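The structure appears below as structure tokens.
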Amino acid sequence: MSRPIRWAGTRALLVELPSLEAVVALHGVLAEDPLPGQVEVLAAAETVLIRFASRAAALAGRAAVDRLDVGDARALAGRTVEIDVVYDGADLAEVGRLTGLGPDGVVAAHTGRLWTAAFGGFAPGFSYLADGEPALEVPRRNIPRTAVPAGSVALAGRFSAVYPRRSPGGWQLIGHTTQPMWDLSRESPALIRPGDRVRFTAVREAISVEATEATGAAGADQASEGDGARPADAPAGTLEVLDAGLQSLVQDLGRPGLGDLGVSASGAADASSARQANRLVGNAPGAAVVENLLGSLRLRAHGDHVLAVAGARVDLEITPGEIEPGQGGPARHPSQDAPFALLDGETLSLGAATAGLRPYVAVRGGVAVPAVLGSRSTDAMSGLGPDPLAAGMLLPVGSARPGQAVGESEPTALRITPGAVAVLRVVPGPREDWFGADGLSRLTGQEWTASSESNRIGLRLTAGAGGRPLERVRAGELASEGAVPGSLQVPPSGLPVVFLADHPVTGGYPVIAAVVPEDLPVAAQLPPGTAIRFQLVDPDTLEPSSS
């Protein structure tokens, strides 16, 4: 049967479905038997997002989706998970009033049905549970709580959920459980996965949820084992952080394919610069590097190392021993985009960035912090991976691959000119119709400015001189749906946000357009105040579109 399909960028499809049961069914088929080139499949309330490795695979996938026989959703259901709940939530009485059931009736209704895990949510381990019955349908709170305890059992709309970690939230709280929803020590960290059935059981014991708070931060402790260590105490084969600058993070190419668990791909914001730095020192493309913000990073070598710096333009200085940068002495000034030696006891200093936003420091052998879910990346959205770098940390360096030579000097891949207008190529988004016939014209017909509130989650924009925010032509709210990196999501303010590496896996604001993957490294390197223009292009040729 033919299904409404919208493009989400150049390599992803957003399939609209008539019911939650149809969502679960299609997601189950694609999770069980992926299409050629499929990278990820993500279920939401009314859609399934299918992301592919290439444009060619996405085009073939679009034709294949219509031919799929999804069968019966129930035949594809996963395990049945039992969850013990103490029904003592702060909103239990209010939910009883809103539904007309009273508190005891709410408990009876919540425990008297089998819930289906339809899709993942905003945090690792958060699952939207549905049962198809309207009896417990309640609105979100008018004023969200700033902190909802881990283990809270809640209702909102037609869904139930358990908060896996302490976080803000506007759902109605009806109870709590001690069963951890997310635990990295398990083979499958998420207790509930899409397609699973969930049964809640009322228990009387007063139970504590303190043990569930720390389960999302595994992998952070390893980076701090050298805090405060004197250089003489540091083992060879490490880099000591003397000054982390404004922000420095360990990053690799991320952990794609875990959107169903609420985990974004993360990874280097400018993946092309991270790859370039790794090529120069002879690493594999996915080796972990240091991603720095605006320079001012200082690293001391323990043992002899080979390093390279790519990405944002910074001056490099190497000083021996205890000599401070800029104080004379036998300093060396290696070039960017070329390998160089950093010998035992020497200090590498990155100056302030003069073009671009993020320089990348690679070391031969890679930064060998422990991997979490297959990646060494720090993810600001989900809290996975090592802590941000801080003075005193020791970064372990891995062993170089035998026979792998360092690279030759390369021309810079940075396409940022200070003071110039940055051009980002875009294709129409899945919800361009929310902005009318003139929406894309306004988006591409005026200048925008990179805001100082931007971060790894998104490049936030303000209207440039004489520009105006975008305006919706449709009322109401959009059901949360999957989003890809580069999505131009438009909140009620009308000021777009370009999703970057740590973006949430789902979003509830309409996406008017998407930056093509080839230009995401440029978006990640735009400093606050940069003027930006969006250029509509053909998704196959990436040449300017006539429409």
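The values are calculated or read from the model by the stated rules, or taken from the named source; none is laboratory data. Nothing here was measured: the structure is a model prediction, and the numbers come from that model. Here Cβ is always computed from backbone atoms with ideal geometry, including for glycine, and neighbour counts include all displayed protein chains.
Looking at PRO411, PRO396, PRO418, PRO388 in this structure, which one is closer than 30 Å to ASN283 by Cβ and outside any loop (DSSP other than H, G, I, E, B)?
PRO396
Give me the residue from segment 174-199 that is of a type in the set (Gly, Ala, Ser) and crowded, with 22+ Cβ neighbours inside 10 Å and, out of that set, modelled with the lowest pLDDT.
Among those residues, the one meeting the criterion is GLY195.
What are the residues in segment 424-476 that are among the charged types (D, E, K, R), touching a Leu at 6+ places or on another chain (Cβ under 9 Å) and free of Cβ contacts under 8 Å to residues at least 60 places away in the same chain, if any?
Residues satisfying the conditions are ARG442, ARG460.
I'd like to check something: does segment 84-99 contain any residue that is more than 25 Å from GLY507 (Cα to Cα) and among the aromatic types (Phe, Trp, Tyr)?
Scanning segment 84-99, I find at least one residue that is more than 25 Å from GLY507 (Cα to Cα) and among the aromatic types (Phe, Trp, Tyr), so the answer is yes.
Taking GLY96 as meeting all but one of (1) touching a Pro at 6+ places or on another chain (Cβ under 7 Å); (2) over 24 Å from SER185 (Cβ atoms); (3) in contact (Cβ under 8 Å) with a residue 24 or more places away in the chain, write down the number of the exception.
Tallying (1) touching a Pro at 6+ places or on another chain (Cβ under 7 Å); (2) over 24 Å from SER185 (Cβ atoms); (3) in contact (Cβ under 8 Å) with a residue 24 or more places away in the chain, GLY96 fails exactly one: (3).
Within segment 385-434, which residues are under 24 Å from the mean Cα position of the chain (by Cα) and closer than 25 Å to GLY374 by Cα?
Answer for segment 385-434, where residues must be under 24 Å from the mean Cα position of the chain (by Cα) and closer than 25 Å to GLY374 by Cα: GLY385, PRO386, ASP387, PRO388, LEU389, ALA390, LEU395.
Name the single residue that is modelled with the lowest pLDDT among those in segment 493-547 being more than 24 Å from the chain's Cα centre (by Cα) and polar (S, T, N, Q).
The selected residue is SER547.
Please give the strands (runs of 3 or more DSSP E) falling wholly within segment 1-107 in which 1 or more residues are touching a Gly at 6+ places or on another chain (Cβ under 7 Å) and of a type in the set (Phe, Trp, Tyr).
The qualifying strands (runs of 3 or more DSSP E) are 47-52.
Between VAL138, VAL106, which is in contact with a Leu (Cβ under 8 Å, 6 or more places away or on another chain) and at pLDDT 95 or above?
VAL106
Failed condition for VAL361, given (1) among the β-branched types (Val, Ile, Thr); (2) crowded, with 24+ Cβ neighbours inside 10 Å; (3) within 30 Å of GLY121 (Cα to Cα), with all others met?
(3)
Search segment 463-482 for residues being touching a Pro at 6+ places or on another chain (Cβ under 9 Å) and outside any loop (DSSP other than H, G, I, E, B), and hand back the single one that is surrounded by the most Cβ atoms within 10 Å (Cβ to Cβ).
Ranking the candidates gives GLU481 first.
Only one of (1) under 28 Å from the mean Cα position of the chain (by Cα); (2) surrounded by 21 or more Cβ atoms within 10 Å (Cβ to Cβ); (3) at pLDDT below 85 is not met by VAL162, so which one is it?
Here VAL162 meets the rest and fails (3).
Give me a count of the residues in segment 131-171 that are assigned to a loop (DSSP other than H, G, I, E, B), without any contact (Cβ under 8 Å) to a residue 40 or more places away in the chain and not aromatic (Phe, Trp, Tyr).
11
List every residue pair whose Cβ atoms lie under 9 Å apart, where the two residues are 6 or more positions apart in sequence or sit on different chains, the first residue falls within segment 477-493 and is more than 23 Å from THR10 (Cβ to Cβ), and the second residue, located anywhere, is modelled with pLDDT of 90 or more and outside any loop (DSSP other than H, G, I, E, B).
ALA479/THR47; PRO491/VAL497
For segment 106-119, indicate whether the set of residues that are under 30 Å from SER382 (Cβ atoms), under 21 Å from the mean Cα position of the chain (by Cα), outside the structural domain of THR506 (by TED's automatic domain parsing) and surrounded by 16 or more Cβ atoms within 10 Å (Cβ to Cβ) is non-empty.
Yes, segment 106-119 has at least one match.
Hey, does segment 61-68 have a residue that's among the hydrophobic types (A, V, I, L, M, F, W, C) and within 23 Å of ASP131 (Cα to Cα)?
no
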